[in-house]
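Visitor: If you scroll down you'll find the structure; I have some questions about it.
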Amino acid sequence: MDLGGGLCYGAFGAGTDALRGMSGGKKRYMQITHGCRILRVAIAGITVLGGTGAAAAPILVTAPAAAVRLIPDATGHIVVNGSFTQPPTTAQCLLNYDINCYQPFQLQKAYDLAPLYQQGITGAGRTIVIVDAFGSPTIESDLATFDAAFGLPAPPSFKIIQPVGAIPPCSADPFGAGDCVNWGVETSLDVEWSHVMAPGANILLVETPSSETEGVQGFPDIVAAENYVINHNLGDVISQSFGATEETFPSAQSILNLRSAYFNALFHNVTVLAASGDEGATNYESDLSTLYPYPVNSWPSSDPLVTSLGGSQLNLDANGNRLSPDVVWNDGFGAGGGGVSAVFPRPLFQYGVKSVVGNWRGTPDISMSAAVNGGVDAYDTTIGGWFIVGGTSEASPEFAGIVALADQAAGHRLGYIDPALYLLGGLSKYTSWTGIVDITSGNNSFAGVTGYNAGPGYDLASGWGTIDAYKFVHALARL
């Protein structure tokens, strides 16, 4: 019943290990389906649906258990791959997969971006920094294909740097070639959808040569790469579509030791964003299949120097008009991450919501589109072309584009935006000029773990809710 004449289903599992009792790491599995030939690889959380032809035997690729134990997941990959020759429409996705999917013009309409573009606010003169392990060898041509399909202009500048070392071939990845492939999919999503939101902004893709390992390998490379970008004044807003459960680090101090880039960003007026996760109020243990049976949170989303992006679900028509208000992403495929940190105490900017967060840093701060039932079209050569993806890995680059727009509107970098965001959030119950649109329905309970309900004002399911970009960009730029 899919577009190509057959439907193959993949599934994911994942893992992590123990701040309230700390140790190890996490990772999920991806099934890439090309003509129903399934490659099951230990990577960061993808579900792929689709494909045609005769099935071949599954090929299992895993790293040694001791190594896998330290691998965190890159949040926000849940994919439908139908071997599409053209980007699928909402109608095609509903007919073939019983889910909504959206193209760039629909989200641009939904977030009220056209009035900004008409004013010349496209992100011009600003640079979005995307940080990904390994990156993608085909991202330049993939972005060109994506832009051509949707009539988007090429970014004024698209550069790729590898400041902490050359990228090894996928075959050299100690965690399996699939781990490397997964980062390529992540890279496509991040680059393409930050560009959708701010088509006039420059894009700098920063590739690191190792997959995430909590405080051992990947995170130190990421920190070093981000410090390089900041020290050399290369970008205005950094998007991070990855995270690791706080409980999986050896200690709270091991997280605190990795924060130098965020302090550096604060001092250099660079905005830093991170995805809040895709398993609602819980996340994975180190056996790579078991979810924590109680609420946990992930870093760097939980860092008070970072803006945490949660997930919402949009219900749009073919033109991008809302058919109903946004709700918290929780569609059976995943749910937006949110809760309180076990490491970071409540920051000053959350004093006004202390009745919600208590004595600890609460996440998310704001939410953007992330649902699988409402996923977005993206293009990546390595998994066969067009695919549909959801998750908070979508929300973070989307909001990076919004920050680039606000930077241009302000005429300068806005830098650390959390205090301003919470000021606008607090004002939003009295006036609509803030551009904050409250999400009051849904919750992020997931896999038997009771999460948090959305309601009026700030909550641990959606943060302050979502945005009307035209109003929000102008409001944020004025602060």
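The values are calculated or read from the model by the stated rules, or taken from the named source; none is laboratory data. Keep in mind that this is a model prediction, so the values were computed, not measured. Because the Cβ atoms are built from the backbone with ideal geometry, glycine has one as well, and the counts that use them run over all protein chains shown.
Visitor: In region 395-428, what residues are in contact with a strand residue (DSSP E or B) (Cβ under 6 Å, 6 or more places away or on another chain), part of a helix (DSSP H, G or I) and among the small types (G, A, S)?
Guide: A395, S396, A400, A404, G425
Visitor: Would you mind stating whether S441 is in contact with a Phe, Trp or Tyr (Cβ under 9 Å, 6 or more places away or on another chain), of a type in the set (S, T, N, Q) and at pLDDT 95 or above? Give the derivation first.
Guide: Working: in contact with a Phe, Trp or Tyr (Cβ under 9 Å, 6 or more places away or on another chain): no; of a type in the set (S, T, N, Q): yes; at pLDDT 95 or above: yes.
No: the conditions fail for S441.
Visitor: Still on this structure, I have one more. Of the conditions (1) touching a Ser or Thr at 6+ places or on another chain (Cβ under 7 Å); (2) closer than 18 Å to Q313 by Cα, D418 fails just one. Which one is it?
Guide: All conditions are met except number (2).
Visitor: Is it the case that P104 is closer than 30 Å to P209 by Cβ and either crowded, with 17+ Cβ neighbours inside 10 Å or modelled with pLDDT of 95 or more (or both)? Show your work before the answer.
Guide: Numbers: closer than 30 Å to P209 by Cβ: no; either crowded, with 17+ Cβ neighbours inside 10 Å or modelled with pLDDT of 95 or more (or both): yes.
So P104 fails the test.
Visitor: Kindly state which strands (runs of 3 or more DSSP E) lie completely within region 259-369 and contain at least 3 residues that are of a type in the set (A, V, I, L, M, F, W, C), crowded, with 18+ Cβ neighbours inside 10 Å and modelled with pLDDT of 95 or more. Explain how you work it out, then say what you get.
Guide: Details: elements: 271-275, 307-316, 322-328, 339-345, 360-363, 366-369.
Once the strands (runs of 3 or more DSSP E) in region 259-369 are filtered for at least 3 residues that are of a type in the set (A, V, I, L, M, F, W, C), crowded, with 18+ Cβ neighbours inside 10 Å and modelled with pLDDT of 95 or more, what remains is 271-275, 307-316, 339-345.
Visitor: Can you tell me which condition L256 does not meet? The list is (1) surrounded by fewer than 24 Cβ atoms within 10 Å (Cβ to Cβ); (2) within 30 Å of G123 (Cα to Cα); (3) out of contact with any Gly (no Cβ under 7 Å at 6 or more places or on another chain), and all the others hold.
Guide: (2)
Visitor: Continuing with the same structure: Looking at T208, is it closer than 25 Å to G184 by Cα and touching a helix residue (DSSP H, G or I) at 6+ places or on another chain (Cβ under 7 Å)?
Guide: Details: closer than 25 Å to G184 by Cα: yes; touching a helix residue (DSSP H, G or I) at 6+ places or on another chain (Cβ under 7 Å): yes.
Yes, satisfied.
Visitor: If I ask for residues that are part of a strand (DSSP E or B), of a type in the set (S, T, Y) and under 19 Å from T392 (Cβ atoms), which ones from region 191-245 would you list? Steps first, please.
Guide: To start, the set of residues in region 191-245 that are part of a strand (DSSP E or B) comprises 202-208, 237-240, 244-245.
From what's left, of a type in the set (S, T, Y): 208, 239, 245.
Within region 191-245, S239, T245 qualify.
Visitor: Looking only at region 128-174, count how many residues are assigned to a helix (DSSP H, G or I), out of contact with any Asp or Glu (no Cβ under 9 Å at 6 or more places or on another chain) and not β-branched (V, I, T).
Guide: Here is the first cut: in region 128-174, the residues assigned to a helix (DSSP H, G or I) are 139-150, 170-172.
Filter again for out of contact with any Asp or Glu (no Cβ under 9 Å at 6 or more places or on another chain), leaving 140-141, 144-145, 148, 171-172.
Filter once more, so that each one left must be not β-branched (V, I, T): 140-141, 144, 148, 171-172.
Summing the residues that are assigned to a helix (DSSP H, G or I), out of contact with any Asp or Glu (no Cβ under 9 Å at 6 or more places or on another chain) and not β-branched (V, I, T) in region 128-174 gives 6.
Visitor: Could I ask something else about it? Tally time: how many residues in region 312-349 are out of contact with any Gly (no Cβ under 6 Å at 6 or more places or on another chain) and either under 22 Å from W360 (Cβ atoms) or of a type in the set (D, E, K, R) (or both)?
Guide: Total satisfying the criteria: 14.
Visitor: Going by the conditions given, is W464 surrounded by fewer than 21 Cβ atoms within 10 Å (Cβ to Cβ), farther than 19 Å from N269 by Cα, modelled with pLDDT of 95 or more and of a type outside the set (D, E, K, R)? Show your work before the answer.
Guide: Values: surrounded by fewer than 21 Cβ atoms within 10 Å (Cβ to Cβ): no; farther than 19 Å from N269 by Cα: yes; modelled with pLDDT of 95 or more: yes; of a type outside the set (D, E, K, R): yes.
When the stated conditions are applied, W464 does not pass them.
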